[in-house]
């Protein structure tokens with residue numbers, strides 16, 4: 001498998017994830033992607049957009065909503081499915097866990113987004129833009145990227161045979 005990594009990915013994150021992918025026997029190339037951060041060269045219609053944690057995802061959804069929405073629309077218009085992979089850690093394993101997330105910013109401001117509110121926003125995004133949400137730890141990121149992109153390639157092969 002060859003995975004293309006967006007050249008705008010943060011330098012230290014790119015190096016960390018590239019090491020994980022290489023250690024798992026995956027080849028990587030770095031160049032600008034139309035949307036997202038990772039794609040298999042065998043299936044350019046499936047893209048992974050990595051988020052370092054729920055705070056980053058919350059910022060995209062709440063504070064940078066217009067820019068984030070434009071990227072989702074651009075992907076949808078191009079026939080690309082986006083999987084948002086959030087590296088939050090052990091306590092968030094699925095989308096439903098977000099509902100119970102205790103946003104640390106609530107200690108600073110009662111107006112900060114609650115887990116319940118973020119969950120509702122993510123469900124709207126999931127349904128409106130056909131986005132999948134997946135979660136992992138930072139140690140699992142490389143293998144999770146390969147798993148998700150490989151599953152997408154397998155689905156594409158099955159669809160072609162039907």
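The values are calculated or read from the model by the stated rules, or taken from the named source; none is laboratory data. Computed from a prediction, not measured in an experiment: that's the story for all the values here. Note: ideal-geometry Cβ built from the backbone for every residue, glycine included; neighbour counts use all protein chains shown.
Given the criteria surrounded by fewer than 19 Cβ atoms within 10 Å (Cβ to Cβ), part of a helix (DSSP H, G or I) and in contact with a strand residue (DSSP E or B) (Cβ under 8 Å, 6 or more places away or on another chain), does residue 151 qualify? Steps first, answer last, please.
Numbers: surrounded by fewer than 19 Cβ atoms within 10 Å (Cβ to Cβ): yes; part of a helix (DSSP H, G or I): yes; in contact with a strand residue (DSSP E or B) (Cβ under 8 Å, 6 or more places away or on another chain): no.
So residue 151 does not fit the description; no.
Only one of (1) surrounded by fewer than 21 Cβ atoms within 10 Å (Cβ to Cβ); (2) in a helix (DSSP H, G or I); (3) within 15 Å of the chain's Cα centre (by Cα); (4) in contact (Cβ under 8 Å) with a residue 24 or more places away in the chain fails for residue 75. Which number is that?
Tallying (1) surrounded by fewer than 21 Cβ atoms within 10 Å (Cβ to Cβ); (2) in a helix (DSSP H, G or I); (3) within 15 Å of the chain's Cα centre (by Cα); (4) in contact (Cβ under 8 Å) with a residue 24 or more places away in the chain, residue 75 fails exactly one: (1).
Just wondering, is there one or more residues in segment 51-69 that are in a loop (DSSP other than H, G, I, E, B), farther than 27 Å from residue 102 by Cα and more than 14 Å from the chain's Cα centre (by Cα)?
Residues of segment 51-69 that are in a loop (DSSP other than H, G, I, E, B), as a first pass: 52-53, 64.
This time we only want the ones that are farther than 27 Å from residue 102 by Cα, so: none.
There is no residue in segment 51-69 that is in a loop (DSSP other than H, G, I, E, B), farther than 27 Å from residue 102 by Cα and more than 14 Å from the chain's Cα centre (by Cα).
Tell me the residue from 114, 28 that is in contact with a helix residue (DSSP H, G or I) (Cβ under 8 Å, 6 or more places away or on another chain) and closer than 17 Å to residue 8 by Cα, please.
On the way: 114 fails: closer than 17 Å to residue 8 by Cα.
Sole residue among the options that is in contact with a helix residue (DSSP H, G or I) (Cβ under 8 Å, 6 or more places away or on another chain) and closer than 17 Å to residue 8 by Cα: 28.
Hey, residue 45 hits all of (1) in contact with a helix residue (DSSP H, G or I) (Cβ under 7 Å, 6 or more places away or on another chain); (2) outside any loop (DSSP other than H, G, I, E, B); (3) over 22 Å from residue 120 (Cβ atoms) but one; which does it fall short on?
(1)
Can you tell me which residue is surrounded by the most Cβ atoms within 10 Å (Cβ to Cβ) among those in segment 89-101 that are in a loop (DSSP other than H, G, I, E, B) and modelled with pLDDT of 95 or more?
Step one: filter segment 89-101 for residues in a loop (DSSP other than H, G, I, E, B), giving 89-94, 99-101.
Subset that is modelled with pLDDT of 95 or more: 92-94, 99-101.
On the way: 92: 21, 93: 13, 94: 9, 99: 15, 100: 12, 101: 19.
The qualifying residue surrounded by the most Cβ atoms within 10 Å (Cβ to Cβ) is 92.
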